[in-house]
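S.K.: Pasting a structure here, questions to come.
Since every read-out is calculated from the coordinates, none of them should be taken as a lab result. Remember, predicted model here, so these are calculated numbers, not experimental data. Here Cβ is always computed from backbone atoms with ideal geometry, including for glycine, and neighbour counts include all displayed protein chains.
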Amino acid sequence: MGWKGILGFEYGIVQGPLGPDIAGPELVAAVANAGGLGLLRTPDWESPDYVKELIRKTRKLTDKPFGVGVVLAFPHKENVKAILEEKVAVLQLYWGECSKELVIEAHNAGVKVVPQVGSLEEAKKAINVGVDAIIVQGREAGGHVIGQEGLISLLPRVVDLVGDHGIPVIAAGGIVDARGYVAALALGAKGICMGTRFLATHESYAHPTYKRKLIEYDKTEYTDVFGRARWPGAPHRVLQTPFFCDWKCLNAQENETNQPIIGRTIIHGVEREIRRFAGTVPNPTTTGDIESMVMYAGQSVGLIKEILPAGQVVKKLVEAAQFLIRQTFNPDSI
Ligand SMILES: Cc1cc2nc3c(=O)[nH]c(=O)nc-3n(C[C@H](O)[C@H](O)[C@H](O)COP(=O)(O)O)c2cc1C
């Protein structure tokens, strides 16, 4: 089975680039040091020097390869240029057109291109422009959700579509333990991409209250209540916190722009106010009414029982998946 790595990484475990700044150098380096693929997340504005600084900070913490994620819905050309100049291992892309020119440019710089898609159509386009791997995101996923289909039906269809193109398919959405990992492999994936599981680690840059809520609550909902003005038409999956449950039927005309300020934060070095219904998750610099801020999480959050070091998440997953395959799925048990 394909659990022995993707794209030259030791294991087929990818840490999703958690926006806006939750996947920083500490988390990415911890995942890389454990043999997985860690992905930094660029700011949603042009800031090439800052992006280079993030990459260099990460390199101080690991000598293993890692990647950077870019959300194409926001200004990104200069940031991408910085990423290619720094020659990281992987450029991950989300929510926008992954062009052939960009793939060629990245390949010329020795950087692999890995878009995250949410439909068969998007996967087709990615194959046609020559990407190196595809992350398939199911609707179970935490954070922003680009497609409508559940992973168990979408993933094998993308695997079939890829056929013998030799492009590894990576499964994302609702995977937090070895059972999900092995299930994804059985559906034809060569690796998995996890967001929520890595959010709940010591090294993630989420606010301690947010991490605590990931253990405390076990239900999520697909919604569009948060960040409507800044990122329109971008549904997301969030924890069902008391604040969310009170406001989930928010009038469609409302958005964060005319709401009261409920806190302050520093994101990628820039100070910002947080208004009610903003799409910004709390990080350790955030002050104010933390419990009323958005808390993204995937559908399997209820399976996460403790905050762990990220390296241990990778190690435990690999060991438990190997055990599961050997012990449970021996041919005699069918
Ligand atoms: C807090 C959070 C932020 C995220 N930010 C991004 C992002 O900036 N870019 C991206 O490609 N995916 C992002 N994702 C989605 C992940 O890449 C991945 O698809 C998802 O986490 C998988 O589902 P899971 O959370 O159930 O593991 C985010 C997910 C979470 C939970």
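S.K.: Taking neighbour Cβ counts within 10 Å as the exposure measure, how do PHE9, PHE198, PHE329, PHE74 sort from fewest upward? Please report the intermediate quantities before stating the final value.
M.R.: On the way: PHE9 23, PHE198 30, PHE329 12, PHE74 18.
With the fewest neighbours first, PHE9, PHE198, PHE329, PHE74 line up as PHE329, PHE74, PHE9, PHE198.
S.K.: Whose amide H sits under 5 Å from the amide H of ARG275, counting only residues 5 or more places off or on another chain, with H placed in the peptide plane?
M.R.: Excluding prolines and chain starts, which carry no amide H, the hits are ILE262.
S.K.: How far apart, in nm, are the 7 Å Cα→Cβ label points at GLN253 and LYS125?
M.R.: 3.3
S.K.: Same structure again: Efficiency by 1/(1 + (r/R0)^6): what FRET value for ARG59 and PHE329, r their Cβ-Cβ distance, R0 = 35 Å, to the nearest 0.05?
M.R.: 0.35
S.K.: Which of the trypsin sites (Lys or Arg not before Pro) found in the stretch 159-249 are loop residues per DSSP with 14 or fewer other Cβ atoms within 10 Å of their Cβ?
M.R.: Working: sites: ARG179, LYS190, ARG197, LYS211, ARG212, LYS213, LYS219, ARG228, ARG230, ARG237, LYS248; in loops: LYS190, LYS219, ARG228, ARG230, LYS248.
In loop regions of the stretch 159-249 (DSSP not H, G, I, E or B), the sparsely surrounded trypsin sites (Lys or Arg not before Pro) are LYS219, LYS248.
S.K.: Hey, which of these cross-link pairs are over 32 Å Cα-Cα: LYS219/LYS315; LYS77/LYS124; LYS213/LYS316; LYS52/LYS305; LYS81/LYS124; LYS77/LYS125? List each step's numbers first, then the result.
M.R.: Details: LYS219/LYS315 27 Å; LYS77/LYS124 24 Å; LYS213/LYS316 22 Å; LYS52/LYS305 35 Å; LYS81/LYS124 25 Å; LYS77/LYS125 20 Å.
Among LYS219/LYS315; LYS77/LYS124; LYS213/LYS316; LYS52/LYS305; LYS81/LYS124; LYS77/LYS125, the Cα-Cα distance tops 32 Å for LYS52/LYS305.
S.K.: Counting only residues 5 or more places away or on other chains, whose amide H sits under 5 Å from the amide H of LEU37 once H atoms are built in the peptide plane?
M.R.: So LEU37 has HN proximity to ILE13, VAL14, GLN15.
S.K.: For a quick check: with amide H placed at 1.01 Å from N, whose amide H comes under 5 Å from LYS112's, ignoring anything fewer than 5 positions away on the same chain?
M.R.: Those lying under 5 Å, H to H, from LYS112 are VAL90, LEU91.
S.K.: Compute the projected area of the convex hull of the Cα atoms of the stretch 208-301, averaged over all viewing directions, and report it in nm² to one decimal place. Kindly include the intermediate steps, with their values, before the conclusion.
M.R.: On the way: hull surface 23.2 nm².
Computing the convex hull of the Cα atoms and averaging its projections yields 5.8 nm².
S.K.: Calculate the length of the line joining the C-alpha centroid of the stretch 263-334 to that of the stretch 101-137, in whole Å.
M.R.: For the stretch 263-334 versus the stretch 101-137, the Cα centre distance is 25 Å.
S.K.: No solvent, one uniform scatterer per C-alpha: report log10 I(q)/I(0) for the chain via the Debye equation at q = 0.07, 0.12, 0.16 1/Å, two decimals.
M.R.: -0.26, -0.79, -1.46
S.K.: Same structure again: Based only on other Cβ atoms within 10 Å, what is the fewest-to-most ordering of ASP224, ASP132? Working shown, then result.
M.R.: Values: ASP224 15, ASP132 20.
Lowest to highest Cβ neighbour count: ASP224, ASP132.
S.K.: In square nanometres, what is one fourth of the surface area of the convex hull spanned by the alpha carbons of the stretch 5-54?
M.R.: Details: hull surface 14.2 nm².
Averaging across all directions leaves 3.5 nm² for the Cα convex hull.
S.K.: I need the phi-derived Karplus couplings for the stretch 214-225: 6.51 cos²θ - 1.76 cosθ + 1.60, θ = phi - 60°, integer Hz, Gly and Pro marked x.
M.R.: 5, 7, 6, 9, 10, 10, 10, 9, 8, 8, 9, 5
S.K.: What is the calculated FRET efficiency for ASP289 to ALA73, with r their C-beta to C-beta distance and R₀ = 30 Å, to the nearest 0.05? List each step's numbers first, then the result.
M.R.: Numbers: r = 27 Å, r/R0 = 0.91.
Using R0 = 30 Å, I get an efficiency of 0.65.
S.K.: Right, here's the next one. Which of SER153, SER119 comes first, and how do the rest follow, when ranked by fewest Cβ neighbours within 10 Å? Present the calculation step by step, with values, prior to reporting the outcome.
M.R.: On the way: SER153 11, SER119 17.
The fewest-first ordering by Cβ neighbours comes to SER153, SER119.
S.K.: For the stretch 81-89, in order, what is each residue's ³J(HN,Hα) by Karplus, 6.51 cos²θ - 1.76 cosθ + 1.60 with θ = phi - 60°, in whole Hz (x at glycine and Pro)?
M.R.: 4, 5, 4, 5, 5, 7, 6, 5, 6
S.K.: Would you kindly derive the ³J(HN,Hα) couplings of the stretch 50-64 from the backbone phi angles with the Karplus curve 6.51 cos²θ - 1.76 cosθ + 1.60 (θ = phi - 60°), listing them in order in whole Hz, with x for Gly and Pro?
M.R.: Values, residue by residue: 5, 4, 5, 5, 4, 5, 5, 4, 5, 5, 6, 9, 8, 9, 8 Hz.
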